[in-house]
Amino acid sequence: MESVTSLLPRLLDPALLETYGARMLGGFWITLKLVALSFALGWLLGWLLVLGRLSRHRLVRGLSRGYVYFFRGSPLLAQLFLLYYGMSAFRGFWQAIDLWWFFRDPWWCALLAFSLNTAAYQAEIFRGSLLAIPAGQKEACRALGLGPAQSFLRVILPQSMRIAIGPLGNEMILLVKASAIASLVTVYDVMGVTKLAYSRTFDFEIYLWAAALYLLIVEVLRRTLRIMEGRLSRHLGR
Amino acid sequence: MLDLLQLLSWGESGWGDALLAGTLVTILLALCCVPFGFPLGLLVALGSQSRHAAARLSATVFSTVFRGLPELLTLFLVYYGSQIAAERLMRHFGYEGGIVVNAFVAGVVAFSLVLAAFSSEVWLGAFKAIPAGQGEAARALGLSRWTTLRRVTFPQLMRVALPGLTNNWLTLLKDTSLVSTISLADIMRQTSQAVTATREPVLFYSAACVLYLILSAASGLLFSRAEHHFSRHLHRA
Amino acid sequence: ETLRVGLEAAYPPFSAPSAKGGYVGFDIDIANALCRQMQVECQFVAQDWDGIIPALMARKFDAIISSMAVTKERAEQVDFTGRYYRTSMSVAVPRDAEAGSLDAAAFKGKVVGAQSSSTPGMYAEDVYGKAGAEVRLYPTADEAGSDLASGRLDALVHDKYPLIEWMRKRSHDCCRLLGDLPGTMDDIAIAVRKGDDALRTRLDEAILAIRADGSYQRISQRYFGLDIY
Amino acid sequence: MNAPLQHRYLQHPRAEDAPAVIDTLPAEDAPAVIDIRGLNKWYGDYHALRDIDLRVRQGDRVVLCGPSGSGKSSLIRCINRLEEAQYGRIEVLGADLMGAASQAAPVLRDVGMVFQHFNLFPHLTVMDNCTLAPLSVRGLRRREAQERACHFLDKVGMRAHLHKYPAQLSGGQQQRVAIARALCMEPKIILFDEPTAALDPEMVKEVLDVMVQLADSGVTMLCVTHEMGFARQVAGRVLFLDEGRIVEDGDPAAFFTRPRSDRARAFLRQILA
Amino acid sequence: MNAPLQHRYLQHPRAEDAPAVIDTLPAEDAPAVIDIRGLNKWYGDYHALRDIDLRVRQGDRVVLCGPSGSGKSSLIRCINRLEEAQYGRIEVLGADLMGAASQAAPVLRDVGMVFQHFNLFPHLTVMDNCTLAPLSVRGLRRREAQERACHFLDKVGMRAHLHKYPAQLSGGQQQRVAIARALCMEPKIILFDEPTAALDPEMVKEVLDVMVQLADSGVTMLCVTHEMGFARQVAGRVLFLDEGRIVEDGDPAAFFTRPRSDRARAFLRQILA
Ligand SMILES: Nc1ncnc2c1ncn2[C@@H]1O[C@H](COP(=O)(O)OP(=O)(O)OP(=O)(O)O)[C@@H](O)[C@H]1O
Ligand SMILES: Nc1ncnc2c1ncn2[C@@H]1O[C@H](COP(=O)(O)OP(=O)(O)OP(=O)(O)O)[C@@H](O)[C@H]1O
Ligand SMILES: [Mg+2]
Ligand SMILES: [Mg+2]
């Protein structure tokens, strides 16, 4: 026991902890909030995009294709930058339509950029998972007279989520790490705080804290997803 | 308007050549990661299906660590970590001078590790999509494990894995911008330099977007060629 | 013999990339003058600010001549030469702002921007932040400046000379200088690896030498119209 | 070892083996529930159905047979509007199926289908598979829907497996659930696409027994099958398709003993060996 | 409509229908190529094979039948070491299969297998499917391997489809390629797992014709099948499995006319209606 208490201060420099501990936790909270919200918004938008891609109208198909291509093909950093600093060039316009409060706030801009970006990735994941569902399921729905909404919600969605859950996990991990980009617009997540603290203290230990936090997030996520996957595939167990 | 175009042009006053040089660095770096990252990912995926508990554990740890660690940290660990280790080692043998690890090599190593970790999940998913009957048929024919992997499993794996690997590649292409912290001048670094010098952020960030979009489009073309190749047996005569 | 000099190259007018591929600015000119004095060849290595000290320690270059202010924390990691210029911090506000005081209390509830990992950034957090201002830290001062211009910031804290330079280059004048912050005069010096005393002494001597022969003053005049030593 | 191979359909049909005359044949003047005129369907360039004319009266029990690729599945999928044909007219229960989807939808609720591969919803229990459509399409209350499901599951002998998932059932059990699911909508017409092809012989018997019961209850049935036994015992009428055309249409006894077309003769010779 | 249902196996076997006596039965004293003693296999807790004793002599043609889940597939998969058993002894061509994998490997090259679902390699052409193993396992030169493949593909009537991919073939054609692929290794023993279950009646005939030819050539064959016609015509011996045990083992005539066990009687009554 004694050895642990004597080891701890060597692992966690108390002075460092006092100065930056709270800020790290604050950054941690920002990361969680940003990832959770943008992931959820991207989820909804992602499904809309999929509907668009499977639409009968060529224009709608083309637009959603273009959207996915643009947001997957260019860096989030540049997207965020263009959104935040580009929008401020039209301050007069935003003020006129009373939306300046939104674009003025870096947090909202970061949230918007992240949601738009992850929506494109999630849309591709959903599309893949939809393609993997046997055509027979949709035919059975039609043969039973189920409407499009009912077929989707009760039959297609639960099955496609099982297939999508692995890639969605990858996407969430990437998003957790990408949240560092938000510090470009002064929203400081774990990594932002870490870099800031490092640039002041030049103590590499602070990076190790961050690494531990990230590993924690990833491990928790991995386990949660495994449980969810188990639940979603309980019908496959004999 | 003309002024802006001037800024993107070649030569004395324009940033065109710098951006092009950055693009070259980005492409080279990402391309160099491919021959290491993807096979290593496949190896990790094989490991996590192994009968040996030790292999499974190390595969899981590898994938969790290198998916979990921020890429910047992986980069630092490789770049500075290997240098410090090498210097310690050399000092041990009495050599006092400095050792400089090549930034490009460090970048390739670090991003290969990250690419391997993320792609291992993709490979793993693809393995699950190959019917068990294929492996059984190979065994029933007496094919060796290596032949089975090379001639039977792999070509079928590629078809299923390619969309996921495309995602990995696109992510890699953009992640490589982190190398600017170890003083390699990729697209993003050149862009921010140009922004500093000219104070035209929107112009240059848009230009960077366009460059990346061109790269994505080009690689998209290649990947769909490959997809076509690996699914040729499904096209009806 | 060459001297490898690390610089950020994102800090006009002290150091900035040029479209021709090299770097320009006060720091570069000083470095060149020092090298000429020491009869070595200058080789510039551009490096992100965040990784500049680790890179020095990892022998990517031998000295940092990049307007680095001497602070206690930095001095624990690297050795500094004597200063090669001094600067204080200034505050800029939008042109139509009514504020007139530099007093920390006057910024309560206001949004103050600064560059992260810089001495003004630390100052903004330690002084204005503690007094109740919301402090936003930007990767570079340029972005902070553009937010000041667009009205997202109520004030911007930055080193005096770059701030003046920024306001001068800005075509439409959005902002005005509120004034220098008292008690923020910082020494700017060259950083070398800890224990690299030989190089440190040579650089110290060279700084004194270029001041003595007047080449320092000529460079300073060209950039700022005054001697900033 | 050179004895000619005899298999599945070992026996040549003989007059004395013919079943007792089926006593529930619909009257000649019963109304047509399916009325197809000049139906033509292409897949791309491939002409899959050619000039199909078909009237099915209420209570009819029709077996469709024919070589692989002759268009049997395509035909019954057109009746259910799972495929769209390019030319011709399909009237089902009085509604024009070639018109707007909105017009066809209410009628299609009265057409049930049992697929060759069951197409059960794998993530729902047997009970939920059977109640999903009655609840959300027919607007039944949960109690009612469950009672109805129990009734039909009982009828196919699956009452005991209410809470299992499809993957926990054997093939024959799954097929019976698929039938119960279709019955729970109380359709007026029910279409079967090779309901026994995936089953082993003991299971084939289970499934066919259920269909016999069903036939007794007076539902109109169209069934694609290669089970000639079933065709002979249950069907009131056998259609033989070849290359997208109906080349034979008559009662089973006549079809098996005196096929008119060469193609049907060749087909029967093959499978009756 | 209440006439008892007759189907697939419509006919009760009668003595006068029995095939001509098979003339190539192996001599009683031919060496045993498969020798299984006291084999027991569990899947987790489930006891799938119980105390199996089985000697198969060279040139034997054995049919395995039995109800679904009785362990037929498990048994032949053990002979090929696709499954590992927990207790007992399996000797194939003189080598002990329960021992080290390295010891078993050379012997297993002489055991071919044809799967129910073909398991052709979908990304390889018919020719490549047939030459892959001879090239890399037997070390044949490409010319030789291709000649051999042509020979066997010719034998199963697939010579014309050399350059097609499996997806471009019909089910019966795929199954014939699978047989040719197994033959190209020139195995001494060949195992079939329900080779006709997925096929329609015309195709069943094609595949069975090939197997009859094969039987003529003297290979040792073990075949899981429900095609009683095949069992009667080709088999020299029928094994009936139930709940993991071999409950009947005898010549086909005896099995079909005078099954000894109750279970086999019940099974035959079901499928012979
Ligand atoms: N989606 C499709 N695209 C192109 N051709 C098709 C398509 N579906 C069916 N076909 C072709 O149309 C023809 C009729 O197919 P259909 O499925 O109706 O045959 P079937 O009589 O049901 O045969 P089987 O007994 O093998 O099920 C076949 O030749 C088939 O190749
Ligand atoms: N991997 C497995 N895990 C658990 N149980 C299994 C597994 N494989 C087979 N079984 C069980 O072992 C028993 C025998 O299976 P087997 O596949 O040998 O039957 P079979 O006689 O071939 O039946 P069928 O005619 O349906 O193919 C079955 O009850 C099955 O449920
Ligand atoms: Mg069909
Ligand atoms: Mg089996």
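The values are calculated or read from the model by the stated rules, or taken from the named source; none is laboratory data. Just so we're clear, the structure is a prediction, and the values are computed from it rather than from any experiment. Cβ: placed from backbone, ideal geometry, glycine included. Neighbour counts: every protein chain shown. Please note that ligands, DNA and RNA were not included when accessible areas were found on the heavy atoms of the full protein model with its side chains. Shrake-Rupley method; radii C 1.70, N 1.55, O 1.52, S 1.80 Å.
Rolling a 1.4 Å probe across the protein heavy atoms gives segment B:51-110 an accessible surface of 52 Å² per residue. Check C:Val24: other-chain or 5+ apart residues with amide H under 5 Å from its amide H, H built from backbone geometry? Result for C:Val24 returns C:Ala16, C:Ser18. Taking a straight Cα-Cα cut-off under 18 Å and skipping sequence neighbours fewer than 8 places away in the same chain, the lysines within cross-link reach of C:Lys110 are C:Lys130. Cα to Cα, under 20 Å, and not fewer than 8 places away if on the same chain: which lysines meet these conditions relative to D:Lys155? Reachable lysines: D:Lys164, D:Lys188, D:Lys205. Sites counted here are GluC sites (Glu not before Pro) in a DSSP loop (not H, G, I, E or B) having no more than 14 other Cβ atoms within 10 Å; the longest part of chain E that contains none of them is E:85-273. If R0 equals 25 Å, the separation of the Cβ atoms of A:Ile133 and A:Arg58 corresponds to a calculated FRET efficiency of about 0.55. For the A and D pair, go ahead and give the buried accessible area with a 1.4 Å probe, both sides summed, in Å² to 100. For chain A against chain D, roughly 2000 Å² becomes buried. Looking at chain D, the DSSP beta bridges with both ends there are about 55 percent antiparallel. Along segment C:101-114 the Karplus relation, 6.51 cos²θ - 1.76 cosθ + 1.60 evaluated at θ = phi - 60°, assigns HN-Hα couplings of 9, 8, 4, 4, 4, 6, 9, 4, x, 8, 9, 10, x, 7 Hz to successive residues, with x for each Gly and Pro. Taking the 1.4 Å solvent-accessible surface of segment A:12-229 as the whole, the part contributed by carbon and sulfur is 70%. Here each label is just a point 7 Å from Cα along the line to Cβ, and for B:Ala217 and B:Ala54 those points are 5.2 nm apart.
Surface composition of segment D:117-186: carbon and sulfur atoms hold 46% of the protein heavy-atom accessible area at a 1.4 Å probe. Modelled this way, with points 7 Å down the Cα-to-C-beta line, the labels at D:Tyr87 and E:His151 are 5.4 nm from one another.
Legend: residues in segment C:14-42 shielded by at least 20 square angstrom of accessible surface upon adding the remaining protein chains to the isolated chain (1.4 Å probe, heavy atoms) are C:Pro17, C:Ala19, C:Lys20. Percent of accessible area on chain C owned by carbon and sulfur, 1.4 Å probe? Ligands and nucleic acids excluded, carbon and sulfur reach 47 percent. With its label point put 7 Å out from Cα toward Cβ, D:His151 sits 6.8 nm from the same residue's point in the other copies, in order from shortest. Separation of segment A:23-74 from segment C:143-220 is 42 Å, based on Cα centroids.
Each residue of segment C:78-90 was assigned a 3J(HN,Hα) from its phi angle through the Karplus curve 6.51 cos²θ - 1.76 cosθ + 1.60 (θ = phi - 60°); the sequence is 9, 9, 10, 7, x, 5, 10, 6, 10, 8, 10, 9, 10 Hz, with glycine and proline shown as x. Backbone geometry of segment D:260-268 corresponds, through the Karplus equation with coefficients 6.51, -1.76 and 1.60 at θ = phi - 60°, to 3J(HN,Hα) couplings of 7, 7, 5, 4, 5, 4, 4, 4, 5 Hz, x marking Gly and Pro. Need the C-alpha centroid separation for segment A:110-172 versus segment E:34-57, integer Å. Measuring centre to centre over Cα atoms gives 46 Å.
If the segment from D:His163 to D:Glu144 were pulled out straight at 0.36 nm per residue, it would be longer than the present Cα-Cα gap by 5.1 nm.
The calculated 222 nm mean residue ellipticity attributable to helices in chain C amounts to -9500 deg cm²/dmol, summing -39500 (n - 2.57) over DSSP H runs of n ≥ 4 and dividing by all residues.
A point 7 Å from Cα along Cα→Cβ stands in for E:Pro106, and the other copies hold the same point at 7.9 nm, listed in rising order. With a simple spin-label model that places each label point 7 Å from the Cα along the Cα-to-Cβ direction, the separation between B:Phe93 and C:Asp204 comes to 3.7 nm.
Amide H contacts under 5 Å for E:Met113: E:Leu191, restricted to partners 5 or more places along the chain or on a different chain, H placed in the peptide plane at 1.01 Å from N. Computed from the C-beta positions of E:Arg245 and D:Tyr43 and an R0 of 56 Å, the FRET efficiency is 0.65 to the nearest 0.05. Mean separation of Cα pairs under 8 Å and 6 or more residues apart, divided by the residue count, gives chain D a relative contact order of 26 percent. Of all the stretches in chain C, which is the longest one without any exposed loop site, taking trypsin sites (Lys or Arg not before Pro) in a DSSP loop (any state but H, G, I, E, B) with at most 13 other Cβ atoms within 10 Å? Longest run free of exposed loop sites: C:131-229.
Structure remark: mean-square fluctuation, Gaussian network model of chain D, C-alpha springs under 10 Å; the largest value among D:Ser73, D:Ser217, D:Ser102 belongs to D:Ser102. Pairing chains D and E buries close to 3700 square angstrom of accessible surface in total, based on protein heavy atoms and a 1.4 angstrom probe.
As a calculated quantity, the FRET efficiency between E:Ser170 and B:Arg150 at R0 = 22 Å, using C-beta atoms, amounts to about 0.15.
When you restrict to C-alpha pairs under 8 Å that are six or more residues apart and normalise by the size of segment A:12-229, the relative contact order lands at 29 percent. Chain A and chain B together bury an accessible surface of about 2800 square angstrom, both sides counted, with a 1.4 Å probe and no ligands or nucleic acids included. Each other copy holds its own label point for D:Ser170; taking that point as 7 Å from Cα along Cα to Cβ, the gaps run 3.1 nm, nearest first.
The amide H of C:Leu3, built 1.01 Å from its N in the peptide plane, has C:Glu41, C:Cys42, C:Gln43 as neighbours under 5 Å, considering only residues 5 or more places off or on other chains.
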